[in-house]
1. Kindly rank 36-44, 63-71, 95-103 from highest to lowest mean number of other beta carbons found within 10 Å of each residue.
2. What is the mean projected area of the alpha carbon convex hull for segment 44-126, to one decimal in square nanometres?
3. Give me, ordered by chain and number, the residues 5 or more places off residue 23 or on other chains with an amide H under 5 Å from its own placed amide H.
4. Just to be sure I understand the model, the point goes 7 Å from the Cα along the line to the Cβ. What's the resulting residue 43 to residue 121 distance in nm?
5. What is the spin-label model distance, in nm, from residue 34 to residue 75 if the labels are put 7 Å beyond Cα along the C-beta direction?
6. Which residues among segment 68-91 fall inside the zone where the amide N is under 11 Å from a point 7 Å beyond the Cα of residue 109, along Cα→Cβ?
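Just so it is clear, none of the values below were taken in a lab; they were calculated from the coordinates. Here the structure is a predicted model, which is why all the values come from computation and not from measurement. Because the Cβ atoms are built from the backbone with ideal geometry, glycine has one as well, and the counts that use them run over all protein chains shown.
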Amino acid sequence: MGEGLLRGGRGARFRRGGGARRVIACDLDPDALAASEANAALNGVSLELSDDLDACLALADRVTAADILYDRDNLPLLARFRRAGAPVLLADSRIAGLQPPGYRPLGNWHATTWPDLGEASEFNQVRLFLSEP
């Protein structure tokens, strides 16, 4: 079981039984952290909140990231995650044809937000990638 699992993304979702002893939600957006905290509470999951990515990456033995590439200025985060030396699971629906260096594709799924926010159908294809040290 992992000591530190870092989850990033706009209001991460959590569930019991994941096996991590420690989960840290990291985001610069206080609303995203509040959404993560509310979801964790609904699911009975203990969660720490942080806005300090470097401190979180230093503790993490697993990193998950979703919905971070809505802004291409966030692309350097992918290399930063890898440099932390922990496996990284990345979900993206924003950049068609994304092939991040050091990440291998795991699959492609059709997904919509709930409630459906009426986003363009091009964003309904979620690609999952894994990077291992």
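1. On the way: 36-44: 15.7, 63-71: 18.0, 95-103: 13.1.
Averaged packing, sorted descending, gives the order 63-71, 36-44, 95-103.
2. Here the figure is 6.9 nm², rounded to one decimal.
3. 5, 48
4. Here the modelled spin labels are 3.0 nm apart.
5. 3.3 nm
6. Inside the label zone: 91.
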